[in-house]
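Below is one structure, written out as structure tokens; the observations come after it.
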Amino acid sequence: MAEYLWWKHGVIYQIYPRSFQDSNGDGIGDLKGVIDRLDYLNDGTEQSLGIDAIWFSPTYPSPMADFGYDVSDYEDVHSDFGDLATMDRLIEEAHKRNIRVILDFVPNHTSSLHPWFLESRTSRDSPKRDWYVWRDAKPEGSPPNNWIAAFGGPAWEWDQNTHQYYLHSFLVEQPDLNWRNPEVVARMHNVLRFWMRRGVDGFRIDVMDRVVKDPELRDNPPQTNPRYREMAQTALQIHQYDVNWPDIIDIVRGIRSVVDEFPERMTVGEVFGRPKQIVEYYGTDGHDGLHLAFNFPFVRIRDKRWTAEHVRNVVDAFEQALTPGAWPNHVFGNHDVDRLVSRVNNDGRGQERARLAALLLLTVRGTPFIYYGEELGMENAVIPEEKLQDPARIFAPGRDPERTPMPWTRKGGFTTGEPWLPYGDLTQNVADQAGDPRSLLTLYRRLLWFRRASDALRVGDYTPVDVAADGIFAYTRTTGDDRLLMVLNFTTDIVDVVLPEDLRVTATVIGTHGEPAATQKMTLAGNEGRVLRLA
Ligand code: TEU
Ligand code: CA
């Protein structure tokens, strides 16, 4: 086996801690609950899912204005989730199972109730004043510039007490930290060290692409492209001065050097932009920047773009943009976007497409990310208006539909109490799927365990293959004698594929629709994908 590096060759599973498993009946998922479910994720046998690492959305003390993305203490655990001792135990129990632990690091903003901000807002002379971004009003009293917050409204909030505005790229309750102040940098670096000393293996970095902005705070130009007119308010301007500002890379380098003080730790950053912009965050050949920067096009993919051509373009564009030492990654869902099945379901065949997506995600080159429940084909839940809780309602109905409790059984099994959000469809549950050889969960397990043992899939080269059939995406993954071919039909039609002579298939390894004998000419059903062995 080629040398194994967990964050490159393993599979990362995202847990939204409120929704995975409740252990005390209060209806909110917690760390003890996760510990009880670790064997589901990986018990060392093919009965379990077989993931290699968990990324937890924030577990820190927080007023929960943005469900944990408003942190009031970076070095503790929210009482809803447990305490530091439970976190230590979770890390230990995960490590026993060879599961790495990735925490969510939220550097762009704190909670407005964080002691640093409470101090900062006491007076203009506060020693912590410059830890946040405070500015005078314009002469006529309006905010310092035209920036708008990601969740709507101006990005500036007036402080009655000290007569200045503070910057908040998200909610009013999420004031932006000032990473141009070296004290902030040093303090936040120590947060990383705090967790790495406790055994944490890596960090998903929230809003990496906004951590510093234009020092002159210039107005963003208006968005004139009509394509964006219907979108959320934040799309009404081009984020020229507040997103992907060039000297963010210096902040990234600083974070990398801290993470490199500890062996085998990693970072994955949340960044939005074109592949060329994303790849900047990897630093020079992936050595002094982020280990991974999210390759996001698939989290936005919807029916219209569910084509072999678009999917291949996404994979190839990222591959081509990457510098030699930088490593790709793929992700179909997270806590901010509609569930995959619900995005590609206009003809009711979203569940079939989820099978094809699983095959793609786990065979294409790069680190796969799985959002909890994706392995079950979880769909967006329909939540009654009065039960909606996400503050980001400018994206109606907000992000609750993709954050509902993990369906463990037909009755739920997430809590003995009232779940904080209602369950979605309980027919797609772990207990039933675990025993069903044709379930999506079974397909995920098979692909994951096959991947684990396959050098071709973990480290092999990726080469797209042109086949003379419309709607087919085909590619090889090869290293030495370990040679695989993937053939995926993105249409709902039956498609005949004749493989090129130089690609001799010897066996069907795993298929979304079963494993028929391998032949040079094959007939794929709609939404069918196969992993084939090559001579
Ligand atoms: O999201 C950042 C981000 O860009 C969001 O505005 C995203 O576009 C939005 O959720 C709509 O899909 C991160 C976190 O992932 C998100 O959960 C937080 O609310 C946000 O940062 C603020 O911390
Ligand atoms: Ca609980």
Inter-label distance for Gln240 and Glu309, nm, one decimal - labels placed 7 Å from Cα along Cα-to-Cβ: 3.3
Can you give the Rg and Dmax of the range 290-362 based on its C-alpha atoms, in angstrom? 12.8, 41
May I ask you to rank Glu270, Glu319 by accessible area, largest first, using a 1.4 Å probe over the protein chains only? Glu319, Glu270
Quick check for the chain: number of Lys pairs with alpha-carbon distance under 22 Å, counting only pairs 8 or more apart or on different chains? 8
Probe 1.4 Å - accessible area at Thr491, Å² to nearest ten: 40
Within the range 460-534, percent of DSSP bridges classed antiparallel, to nearest 5: 95
Amide H to amide H, which residues 5 or more places from Ala518 or on other chains are under 5 Å from it, using H placed in the peptide plane? Thr508
HN-Hα couplings for the range 150-157 via Karplus (6.51, -1.76, 1.60; θ = phi - 60°), in whole Hz with x for Gly/Pro, come out as 4, 9, x, x, x, 7, 10, 10
Could you give me the ³J(HN,Hα) list for the range 71-80, computed from phi with Karplus coefficients 6.51, -1.76, 1.60 and θ = phi - 60°, whole Hz, x at Gly and Pro? 8, 10, 7, 6, 10, 7, 10, 5, 4, 4
5 Å is the cut-off here: which amide hydrogens, built 1.01 Å from N in the peptide plane, fall below it relative to Gly412, excluding neighbours closer than 5 in sequence? none
CD proxy, 222 nm, the chain: helix-only mean residue ellipticity via -39,500 (n - 2.57) per DSSP H run with n ≥ 4, per residue, nearest 500, stands at -6500 deg cm²/dmol
Antiparallel as a % of all DSSP beta bridges within the chain, to the nearest 5? 60
Put +1 on the Cβ of each Lys and Arg and -1 on the Cβ of each Asp and Glu in the chain; which of His189, Gly199, Met64 then has its Cα farthest toward the positive end of the dipole? Gly199
Per residue, how big is the convex hull of the chain when only Cα atoms are used? Give it in Å³. 148
Per-residue ³J(HN,Hα) for the range 502-515, Karplus 6.51 cos²θ - 1.76 cosθ + 1.60, θ = phi - 60°, Hz, x for Gly and Pro: 6, 10, 8, 8, 10, 7, 8, 8, 9, x, 5, 10, x, 10
Non-local residues with an amide H under 5 Å from the amide H of Gly50, with H modelled 1.01 Å from N and Pro and chain starts lacking one, are Asn42, Asp43
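The values are calculated or read from the model by the stated rules, or taken from the named source; none is laboratory data. Owing to the predicted nature of the structure, the values given are computational and were not obtained by experimental measurement. In this analysis, Cβ positions are derived from the backbone assuming ideal geometry, glycine residues included, and neighbour counts consider all displayed protein chains. For the accessible areas, the whole protein counts, side chains as well, though only heavy atoms, and no ligand, DNA or RNA atoms are used. Shrake-Rupley method; radii C 1.70, N 1.55, O 1.52, S 1.80 Å.
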